[in-house]
Amino acid sequence: MAELLTIGEFSRITHLSIRTLRRYHEQGLLVPAEVDPATGYRYYAPAQARPALTIKRLRELDLPLPDLRRFLEAESAGEGATGHGAAGCDATGCDATGHGAAQQIVAAHLRRLEDRLGRTQRAVQALRELLDPQAQRAVSLEVLPPQRVLAVSLDVPPGAELSWYDAAMRHLDAAVGRRPVLPPGGRYEHTIFTEGHGRATVYLPAEPPLPPGASDAVRELHLPQRTAAVATHCGPHDDLDLTYAAVGTFAARNRLRSADLVEEIYLVGPRDTDQPDRWRTLVAWLLASDSARSSDSTQSSA
């Protein structure tokens, strides 16, 4: 049996401070191999070095304590099965189950970290653009042609997440079936963004009639010709507010009155590719009829 190490010796081989090792013990994360009942001295087995460093890395990656404990319990269950077997299961099978559960906990946390890192990187890119006086998003004045669509309209309640959009698209996809359609879109009241609730219409371009068996939520809709300040947003939607600011500023500078609606057309989106950098979203700041101008007046933003 390998010789046990004092807490000081174990600290030296792991580069974990004695204070940290004591805290791990108090939190139930790394229990010493032996604690002297008379002196309270902690002793560690050399084999505990790897688990100790694993705990250190997971804490550095901000894995919450409850998840870390579940990870350690799953790992311990796997090791116990390997060493001693377990009632009702093959030792190898139990080890695989315990190790697999532990890996899933870490994998889920790593995905969260990757998502957070992606958001941080995109926030940095957006900030650099905002701090660059020369960086401007191209905006033009365009006339969108009339269009027949199948649509789902609803009142987005306060505090709602995007599940309402997903539900609307499921109804539309079922109604359209296998018929080829142009990219989907949506028309949204500005209050959805300014106050967190408002009227929304999600649509798919499709020729009538409405097929039998379609959801009662789906209706035929004719979108009229409309004039808008338009920009194409490239990439994920994290910095969609920059494109909104560009089209809204363009309208304000040119004294074009808003129709209190914005239209988004998802030229390339999650339905087409799982690579957000390839997404393309047309953002159209719809204008009131008395502000509408011919598409011959197309301008670029300053």
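The values are calculated or read from the model by the stated rules, or taken from the named source; none is laboratory data. The model shown is predicted, which means the values in this text are computed figures rather than measured ones. With ideal geometry, Cβ positions are generated from the backbone for all residues, glycine too; neighbour counts draw on all protein chains shown.
Counting only residues that are modelled with pLDDT of 90 or more, in a helix (DSSP H, G or I) and among the hydroxyl-bearing types (Ser, Thr, Tyr), how many does the range 273-302 have?
Here the count works out to 0.
If I filter the range 255-272 for residues that are touching a Ser or Thr at 6+ places or on another chain (Cβ under 9 Å) and in a helix (DSSP H, G or I), do I get at least one hit?
Scanning the range 255-272, I find no residue that is touching a Ser or Thr at 6+ places or on another chain (Cβ under 9 Å) and in a helix (DSSP H, G or I), so the answer is no.
In this structure, is ARG148 of a type outside the set (Ser, Thr, Tyr) and loosely packed, with under 13 Cβ neighbours inside 10 Å?
Values: of a type outside the set (Ser, Thr, Tyr): yes; loosely packed, with under 13 Cβ neighbours inside 10 Å: no.
Criteria not met by ARG148.
If I go through the range 180-206 residue by residue, how many of them are surrounded by fewer than 15 Cβ atoms within 10 Å (Cβ to Cβ) and either polar (S, T, N, Q) or part of a loop (DSSP other than H, G, I, E, B) (or both)?
Residues flagged as surrounded by fewer than 15 Cβ atoms within 10 Å (Cβ to Cβ) and either polar (S, T, N, Q) or part of a loop (DSSP other than H, G, I, E, B) (or both) within the range 180-206 amount to 6.
Read through the list (1) at pLDDT below 95; (2) surrounded by fewer than 18 Cβ atoms within 10 Å (Cβ to Cβ); (3) not small (Gly, Ala, Ser), then give the number of the only condition that VAL176 fails.
Answer for VAL176: the failing condition is (2).
Going residue by residue through the range 43-60, is there one that turns out to be more than 22 Å from ALA107 (Cβ to Cβ), touching a helix residue (DSSP H, G or I) at 6+ places or on another chain (Cβ under 7 Å) and of a type outside the set (Lys, Arg)? Reasoning before the result, please.
As a first pass, look at the range 43-60 and keep what is more than 22 Å from ALA107 (Cβ to Cβ): 43-49.
With touching a helix residue (DSSP H, G or I) at 6+ places or on another chain (Cβ under 7 Å) added as a condition, the list becomes 44, 49.
Then drop every residue that is not of a type outside the set (Lys, Arg), which leaves 44, 49.
Within the range 43-60, one or more residues are more than 22 Å from ALA107 (Cβ to Cβ), touching a helix residue (DSSP H, G or I) at 6+ places or on another chain (Cβ under 7 Å) and of a type outside the set (Lys, Arg).
Checking ALA160 against (1) of a type in the set (A, V, I, L, M); (2) surrounded by 14 or more Cβ atoms within 10 Å (Cβ to Cβ); (3) touching a residue at least 60 places away in the same chain (Cβ under 8 Å); (4) in a loop (DSSP other than H, G, I, E, B), which test does it fail?
(3) is the only condition that ALA160 fails.
Quick check: anything in the range 251-271 under 27 Å from the mean Cα position of the chain (by Cα), exposed (fewer than 15 other Cβ atoms within 10 Å of the Cβ) and over 23 Å from ALA126 (Cβ atoms)?
yes
Residue pairs, Cβ under 8 Å, 6 or more apart or interchain, first in the range 36-63 and closer than 16 Å to SER11 by Cβ, second crowded, with 17+ Cβ neighbours inside 10 Å and modelled with pLDDT under 90. List them.
PRO51/LEU72; PRO51/GLU75; ILE55/LEU72
Quick one: which of TYR188, TYR203 is hydroxyl-bearing (Ser, Thr, Tyr) and either without any contact (Cβ under 8 Å) to a residue 40 or more places away in the chain or under 19 Å from VAL143 (Cβ atoms) (or both)? Even if it seems obvious, please write down each step before you answer.
Numbers: TYR188 fails: either without any contact (Cβ under 8 Å) to a residue 40 or more places away in the chain or under 19 Å from VAL143 (Cβ atoms) (or both).
Criteria check complete, one pass: TYR203.
Tell me, yes or no, whether the range 208-225 has at least one residue that is at positive phi, assigned to a loop (DSSP other than H, G, I, E, B), touching a helix residue (DSSP H, G or I) at 6+ places or on another chain (Cβ under 9 Å) and modelled with pLDDT under 90. Outline the logic, then answer.
Keep residues of the range 208-225 that are at positive phi, which gives 213.
The next check asks that each one be assigned to a loop (DSSP other than H, G, I, E, B); those that pass are 213.
Adding the requirement that they be touching a helix residue (DSSP H, G or I) at 6+ places or on another chain (Cβ under 9 Å) leaves 213.
With the extra rule that they be modelled with pLDDT under 90, the set shrinks to 213.
Yes - at least one qualifying residue is present in the range 208-225.
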